[in-house]
Structures are given as structure tokens and as C-alpha cells.
Amino acid sequence: QVQLVESGGGLVQPGGPLRLPCAASGSILSINAMGWYRQAPGNQREWVATITSGGSINYADSVKGRFTISKDNAKNTAYLQMSSLKPEDTAVYFCDAEVRVRAGLSTSIYQYWGQGTQVTVSS
């Protein structure tokens with residue numbers, strides 16, 4: 001079993017920064033990629049950013065230049081550094097990971113999700 005735990009959410013003023021860690025734990029053989037999504041009230045969940053095991057990084061246009069995704073392989077942890085936050089960034093932020101785990105005599109890749117952390121940007 002694999003668990004993802006996000007933290008770091010809270011209330012921040014417009015223009016301010018916030019850093020969200022996402023720690024993966026459990027029976028992990030390797031992590032192919034970790035990413036962040038967000039869901040605002042009444043909206044569908046939308047992709048924010050992804051970082052692969054090889055270091056490839058992609059961002060949604062709405063956060064490009066303001067958000068930075070990074071990872072600490074030794075800690076199986078990904079980070080989302082958010083800056084110049086806007087009220088429209090208000091959402092529950094979810095972390096996901098593509099994780100290789102042992103499956104019987106072989107291995108398989110599964111996608112896991114965290115429980116989410118609330119980010120509210122308001123004055």
C-alpha cells in the first residue's frame with residue numbers, strides 16, 4: 001500500500017507565497033512521476049504541474065512562471081512552490097504519483113492520490 005500526504009495549505013494574501021509538500025510512503029519500488037492537481041468549488045479537478053523521475057517538468061499555462069514543482073528523491077517527496085498567488089488559485093490541491101509496486105512475482109504501476117490540502121488566497 002502507498003500513501004500520499006499533502007501539507008502546507010492555508011490562508012494567504014494575494015501576491016503571497018506558499019509551499020506545499022507531498023510525501024509518499026509505503027511499499028514503493030520506484031516513483032515514475034509526481035504531480036499536482038487542484039479543484040475549486042463547482043469546478044472539475046484540473047492538472048497543475050508534473051515532474052518525472054528523469055526531471056522532466058511541465059506546467060499548466062495558468063500557473064507557468066508563478067509555480068515551481070520540485071522533488072527530493074531520497075525523501076519520496078514532491079514540492080509545489082507557489083508565488084504571486086491570486087484569488088483564482090483558491091482550491092483544494094491534490095498530489096498524485098505513478099508508483100511501481102510489487103505485484104505477486106512481478107511489478108505494476110499504479111496511480112495514487114493524496115487527500116488534498118486547502119489553499120485559500122484572500123485579503
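The values are calculated or read from the model by the stated rules, or taken from the named source; none is laboratory data. Every value quoted in this text rests on a predicted model; they were computed, and no experiment measured them. Cβ sites come from the backbone with ideal geometry, for glycine too, and all protein chains shown count toward neighbours. Just so you know, the surface numbers come from the protein's heavy atoms only, side chains and all, with ligands and any DNA or RNA stripped out. Shrake-Rupley method; radii C 1.70, N 1.55, O 1.52, S 1.80 Å.
How far, in nm, would the chain grow between VAL5 and ARG45 when pulled straight, counting 0.36 nm per residue and subtracting the alpha carbon separation?
Separation in residues times 0.36 nm, less the Cα-Cα distance, equals 12.6 nm.
Based on the alpha-carbon set only, what is the convex hull volume of the stretch 4-74 divided per residue, in Å³?
Spread over its residues, the Cα hull of the stretch 4-74 gives 122 Å³ apiece.
Between ASN73 and TYR110, what is 0.36 nm times their sequence separation minus the Cα-Cα distance? Round to one decimal in nm.
Length difference between fully extended and current span is 11.5 nm.
Spin-label point model (7 Å from Cα, Cβ direction): what's the SER62 to LEU29 distance in nm?
Label-label distance for SER62 and LEU29, simple model: 3.6 nm.
List the relative contact order of the stretch 39-84 as a percent without decimals, with contacts defined as Cα pairs under 8 Å and 6+ residues apart.
Dividing the mean separation by the residue count of the stretch 39-84 yields 25 percent.
Please list, ordered by chain and number, the residues whose modelled amide H lies under 5 Å from the amide H of LYS86; skip anything fewer than 5 residues away on the same chain.
Those lying under 5 Å, H to H, from LYS86 are GLY15.
On a C-alpha basis, how far is the centre of the stretch 73-91 from the centre of the stretch 1-62 in Å? Whole number, if you could?
Answer, in whole Å: 6.
Could you state the accessible area per residue of the stretch 8-80 in Å², with a 1.4 Å probe and every protein chain left in place?
Dividing the accessible area of the stretch 8-80 by its residue count gives 52 Å².
Karplus couplings for the stretch 74-91 from phi (6.51 cos²θ - 1.76 cosθ + 1.60, θ = phi - 60°), rounded to Hz, Gly and Pro as x?
5, 9, 6, 10, 10, 10, 10, 8, 10, 9, 6, 5, 10, x, 6, 7, 4, 4
Using a probe of 1.4 angstrom, how much of the accessible area of the chain is carbon and sulfur, in percent?
Taking all protein chains in place, the chain shows 48 percent carbon and sulfur surface.
Just want to confirm a number: the relative contact order over the chain, from Cα pairs under 8 angstrom separated by 6+ residues, in percent.
36
Applying the Karplus parametrisation 6.51 cos²θ - 1.76 cosθ + 1.60 with θ = phi - 60° to the phi angles of the stretch 109-122, what ³J(HN,Hα) value in whole Hz is obtained for each residue in order, glycine and proline being reported as x?
So the J values, rounded to whole Hz, are 10, 10, 9, 10, 10, x, 8, x, 9, 7, 10, 10, 10, 7.
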